[in-house]
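The values are calculated or read from the model by the stated rules, or taken from the named source; none is laboratory data. Since we're looking at a predicted model, the values are computed, not measured. FYI the Cβ positions are ideal-geometry reconstructions off the backbone, even for glycines, and counts take in every protein chain you see. Surface areas here come from the heavy atoms of the whole protein model, side chains and all, with no ligands, DNA or RNA. Shrake-Rupley method; radii C 1.70, N 1.55, O 1.52, S 1.80 Å.
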Amino acid sequence: GVRIFEDLVSSKGGKDIVVKAVGVVDASADTVFEVILNPDPQSRYEWDTLTSDLELIESVNGHYDVLYGTFDPRQLTWWQSKRDFVFSRQWFRSQDGTYTILQLPSVHKKKPPRSGYNRTKINPSTWEIRNLSTSTPTSTPRCLVTQTLEINLKGWFKWRNNRCPHFERTIPYALLNQVSGLKEYIGANPSLSSNSFTTIIDSKVSEFSGSSSEFEDVDEPSSDQFYDATDDSDDDDESDGEIEIEQDKKIKLKNISWAIASFTKKKSSETSDLNSSVPSVSLDPGQFYGSMRKAKDEADKNCWSSPDGSGFMIRGKSYMNDSMKVKGGEPLLKLIAVDWFKVEDCAAEVALHPKSLAQSAAGKKLPFILVVNLQVPAKPNYSLVLYYAADKPVNKNSLLDKFVEGTDMFRDSRLKLIPSIVEGYWMVKRAVGTKACLLGKALTCKYLKQDNFLEIDVDIGSSSVARGVISLVLGYVTGLVVDLALVIEGRDAAELPEYILGTVRLNRVQLDSAVPFE
């Protein structure tokens, strides 16, 4: 009942490939999450033949830990010595109850190389545990468990093409078998599903999981093109992407959203939020300057651009009735400049700085400027400041006007950020995801409304989960292309369809290019 898939995108370049094992387990996501995180050797050895002998070295904030493990590779005949390893785990839970666990090889001062053991690295991997809907409330809970793994490309293809019968004696194969081990172990121990576990993750893990509308699944085409690992053809056979759940229900594992998107209308950038009766003001990029330069082309590095909104799915006109989302259109506001600062503590109220774009002669002539200051915790700290401008005044009593002139509570409840890693390390893509997040509910936001601008200071360090994710992102940032979109959430027919407020694409940012903020 477990299938293995490979990512054809990752196989086109590089020395590693991303594969995944997928299976349906007869238990809730909570139960499976607890079993995976439990380091107790006695119970773990029942389903995990490789990383069952674990010792907890360090635990941080209830959502991150470091473990040390050993194993005797007697079944791997060409290894003569015992092996040991150190790896870290980071986990979080989204609003829909889906758990994500990130596992990376690590080092720790408490566990230096050990005599008699050969230190090895466990392959980088992730777990995703998602509840499945059941036919009746009394039915046995079920969840879809996906383990994604990075392995050597050469060794994988030898096994895939039946030229390496010894793949079954490797670490990647043992790790991929953990899903089937879980399935059998939980199936043989039905009492696990009824046990009341002590929660391993504390409340800080769910800082991204506040109100019921705080997170949304963004139905968009996936950038990961996974295919059945044993299928040597290039044909995209849709039946290969299904796992039967019930006789009349199936879960499709490949790009369901393509079908949805094909039946939706693209949202136009025309909206009543700006006064169309007033002549437009020129937003010539040559008038505005920031410390980060604008991209010359897609291959450019350490720069920014502003993509259209077609890569983001937002609420359509009939969303309140059918929950359908549509592709975004052109952003309402134009991104005119980006500042990239390094700071000792944190940079706040940057729009009041004498050298800020908002205080420049050109900036003061604009009808409206939205300043978004993303405060990035690191050593040193950074601030990414985005300047969005309207070429016409904001209409009174429009949704944008209510947001600009409204209370902080209203702003916290409406501004959404949608992320997307366009290019970059696969694990960073898993960590960041593509879920729309209500910024004011997940993070601490402070607002400054003066003259013709509104500044939003977003403290990413106010969430322990966000700090962990941003730390991972910064480690790979020079190889990432990141898209962000801002949306004001629409909650009734009068506020729908939603529109993209503004976008930014950050191309392979260099940390040392940040300029001091004084």
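For segment 347-359, does any single residue satisfy the condition of being in contact with a strand residue (DSSP E or B) (Cβ under 6 Å, 6 or more places away or on another chain) and farther than 23 Å from D451 by Cβ? I'd like the intermediate steps shown before the answer.
So the first thing to find is which residues in segment 347-359 are in contact with a strand residue (DSSP E or B) (Cβ under 6 Å, 6 or more places away or on another chain), and the list is 347-351, 357-358.
Within this subset, residues satisfying the condition of being farther than 23 Å from D451 by Cβ are none.
There is no residue in segment 347-359 that is in contact with a strand residue (DSSP E or B) (Cβ under 6 Å, 6 or more places away or on another chain) and farther than 23 Å from D451 by Cβ.
Name every residue in segment 111-138 that is more than 30 Å from N152 (Cβ to Cβ) and open to solvent by less than 40 Å² (accessible area, probe 1.4 Å), in order of residue number.
Step one: list which residues in segment 111-138 are more than 30 Å from N152 (Cβ to Cβ), which gives 131-138.
Correct list: L132 only.
When you go through V504, V482 one by one, which is the residue that is open to solvent by less than 20 Å² (accessible area, probe 1.4 Å), in the same structural domain as A348 (by the TED database), outside any helix (DSSP H, G or I) and at pLDDT 95 or above? Walk me through how you get there before you give the answer.
Working: V482 fails: open to solvent by less than 20 Å² (accessible area, probe 1.4 Å).
Criteria check complete, one pass: V504.
Of all residues in segment 399-425, which are under 11 Å from the mean Cα position of the chain (by Cα) and either of a type in the set (D, E, K, R) or surrounded by fewer than 20 Cβ atoms within 10 Å (Cβ to Cβ) (or both)?
Filtering segment 399-425 for residues under 11 Å from the mean Cα position of the chain (by Cα) gives 418-421.
Once the filter is applied, which keeps residues that are under 11 Å from the mean Cα position of the chain (by Cα) and either of a type in the set (D, E, K, R) or surrounded by fewer than 20 Cβ atoms within 10 Å (Cβ to Cβ) (or both), segment 399-425 yields only P419.
So, in segment 382-396, how many residues would count as being within 17 Å of K364 (Cβ to Cβ) and part of a loop (DSSP other than H, G, I, E, B)? Explain how you work it out, then say what you get.
Just the residues of segment 382-396 that are within 17 Å of K364 (Cβ to Cβ), to begin with: 387-394.
Add one more test, that the residue is part of a loop (DSSP other than H, G, I, E, B), and what stays is 391-393.
Qualifying residue count, segment 382-396: 3.
Do we find that T140 is outside any helix (DSSP H, G or I) and either free of Cβ contacts under 8 Å to residues at least 40 places away in the same chain or under 26 Å from A431 (Cβ atoms) (or both) in this structure? Lay out the reasoning, then the answer.
Details: outside any helix (DSSP H, G or I): yes; either free of Cβ contacts under 8 Å to residues at least 40 places away in the same chain or under 26 Å from A431 (Cβ atoms) (or both): no.
So T140 does not fit the description; no.
Considering Q103, Q147, which residue is under 17 Å from N177 (Cβ atoms), free of Cβ contacts under 8 Å to residues at least 40 places away in the same chain, not in a loop (DSSP other than H, G, I, E, B) and not hydroxyl-bearing (S, T, Y)? Full working, then the answer.
On the way: Q147 fails: free of Cβ contacts under 8 Å to residues at least 40 places away in the same chain.
Checking each option against the conditions leaves just Q103.
Name the residues in segment 381-395 that are under 27 Å from E344 (Cβ atoms) and of a type in the set (V, I, T), would you?
Matches in segment 381-395: V385 only.
Scanning segment 39-54 for residues that are of a type outside the set (D, E, K, R) and free of Cβ contacts under 8 Å to residues at least 40 places away in the same chain, which turns out surrounded by the most Cβ atoms within 10 Å (Cβ to Cβ)?
As a first pass, look at segment 39-54 and keep what is of a type outside the set (D, E, K, R): 39, 41-43, 45, 47, 49-52, 54.
Next cut, free of Cβ contacts under 8 Å to residues at least 40 places away in the same chain only: 39, 41-43, 45, 52, 54.
Details: P39: 18, P41: 14, Q42: 8, S43: 15, Y45: 14, S52: 20, L54: 18.
Residue satisfying both the conditions and the ranking: S52.
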